[in-house]
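Here is the structure we will look at.
The values are calculated or read from the model by the stated rules, or taken from the named source; none is laboratory data. Because the structure is predicted, anything quoted here is derived from the model rather than measured. Heavy atoms of the whole protein, side chains included, go into the accessibility calculation; ligands, DNA and RNA do not. Shrake-Rupley method; radii C 1.70, N 1.55, O 1.52, S 1.80 Å.
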Amino acid sequence: MNSLVNAIKNTVPITQFNRGLAGKIFEDVKKQGAKVVMKNNTPECVLMSPEEYLSLMEEVEDAKLLQLAESRLQNFTPAETIPAEDVYQLAEKRAAKNNL
């Protein structure tokens, strides 16, 4: 029952925008978090603060990076790795060769 109450509290009929209540809706979003805008009883869009959006995008990026790391670890073969010292020496040689 609690989730139903929260869902109702977090929805906004699009008619409220038509009635000039956008400022109040935006304040509610800042204070209470994201709102779902309903049009013809169907979710039309989600309103959220820029900070909330950036946080969500960071979480998405972190999840993508985790998935990439896990997929790379599945194919990891320790015997095929190159020691860091060898990589640094190769980089120094190439930099010297290119006068960097």
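Descriptive notes on the structure:
- Applied to the stretch 19-29, the Karplus parametrisation 6.51 cos²θ - 1.76 cosθ + 1.60 on θ = phi - 60° returns per-residue 3J(HN,Hα) values of 8, x, 9, 4, x, 5, 4, 5, 5, 4, 5 Hz, with x for Gly and Pro.
- D_trans [Stokes-Einstein, Kirkwood Rh over alpha-carbon pairs] for the chain, 25 °C, 0.890 mPa s, µm² s⁻¹: 132 µm²/s
- Accessible-area composition of the chain, carbon plus sulfur, in percent [1.4 Å probe]: 56 percent
- Summarising the strand pairing of the chain, around 60 percent of its internal DSSP beta bridges are antiparallel.
- Nearest-ten-degree value, helix 50-74 long axis tilted from longest Cα axis of the chain: 40 degrees
- Solvent exposure of the chain, expressed per residue, is 87 Å² of accessible area, with all protein chains present and a 1.4 angstrom probe.
- Helix-derived mean residue ellipticity, 222 nm - over the chain, DSSP H n ≥ 4, -39500 (n - 2.57), to 500: -19500 deg cm²/dmol
- Pairs exceeding a 20 Å alpha-carbon distance, out of Lys30/Lys64; Lys31/Lys64; Lys9/Lys35: Lys30/Lys64; Lys31/Lys64.
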